[in-house]
Amino acid sequence: MELNKLKNLALSETGFLFDPATGNTFTLNESAIFILKALKHGLQQRQIAEALTTDFEVSPAQALEDVSDALLQLKEVGLITGGAA
C-alpha cells in the first residue's frame with residue numbers, strides 16, 4: 001500500500017476527504033474515518049480490525065469484514081493500491 005499517498009489525503013474530523021492528487025472529494029462515515037486514520041498510521045488490516053472491536057463494540061469477524069470492505073472501496077476509487085495484510 002502506498003503510505004505516502006495516504007498521508008497526502010486531507011481528512012477532516014467530520015469525514016470530508018480530499019485527494020489533492022486528483023481533486024476528488026469523498027464523505028466518510030465514522031468507521032471509515034477510523035480505518036483511514038489507522039491506515040495513515042501504518043496499521044495493518046488485522047490490527048485495525050482489533051481496534052474496531054474495542055472502539056465500535058463489534059465482533060472480531062464483523063470488524064475484519066468492515067475493514068476488508070473499506071479497503072476494497074478505497075482501492076476502487078483509487079485512494080490506495082495493494083492491500084494491508
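The values are calculated or read from the model by the stated rules, or taken from the named source; none is laboratory data. Keep in mind it's a predicted model, so treat the numbers as computed, not measured. All Cβ positions, even for glycine, are placed from backbone atoms using ideal geometry, and neighbour counts span all protein chains on display.
Within region 38-57, is there a residue that is of a type outside the set (A, V, I, L, M) and in a strand (DSSP E or B)? Looking for residues that are of a type outside the set (A, V, I, L, M) and in a strand (DSSP E or B), one finds none in region 38-57, hence no.
Do we have Asn24 as without any contact (Cβ under 8 Å) to a residue 12 or more places away in the chain and either surrounded by 12 or more Cβ atoms within 10 Å (Cβ to Cβ) or of a type outside the set (Phe, Trp, Tyr) (or both) here? Break it down into steps so the answer makes sense when it comes.
On the way: without any contact (Cβ under 8 Å) to a residue 12 or more places away in the chain: no; either surrounded by 12 or more Cβ atoms within 10 Å (Cβ to Cβ) or of a type outside the set (Phe, Trp, Tyr) (or both): yes.
The answer is no for Asn24.
Is it true that some residue in region 64-79 is of a type in the set (S, T, N, Q) and outside any helix (DSSP H, G or I)? For region 64-79, residues of a type in the set (S, T, N, Q) and outside any helix (DSSP H, G or I): absent.
Is it fair to say Ser31 is among the small types (Gly, Ala, Ser) and in contact (Cβ under 8 Å) with a residue 24 or more places away in the chain? So Ser31 fits the description; yes. Could you look through region 46-85, keep only residues that are within 18 Å of Lys7 (Cα to Cα) and either among the polar types (S, T, N, Q) or over 14 Å from the mean Cα position of the chain (by Cα) (or both), and pick out the one that is modelled with the lowest pLDDT? By that ranking, first place goes to Thr81.
Just the residues that are exposed (fewer than 12 other Cβ atoms within 10 Å of the Cβ), of a type outside the set (D, E, K, R) and either in a strand (DSSP E or B) or modelled with pLDDT of 90 or more (or both), please, taken from region 1-20. Of everything in region 1-20, those that are exposed (fewer than 12 other Cβ atoms within 10 Å of the Cβ), of a type outside the set (D, E, K, R) and either in a strand (DSSP E or B) or modelled with pLDDT of 90 or more (or both) turn out to be Ala10, Ser12, Thr14, Pro20.
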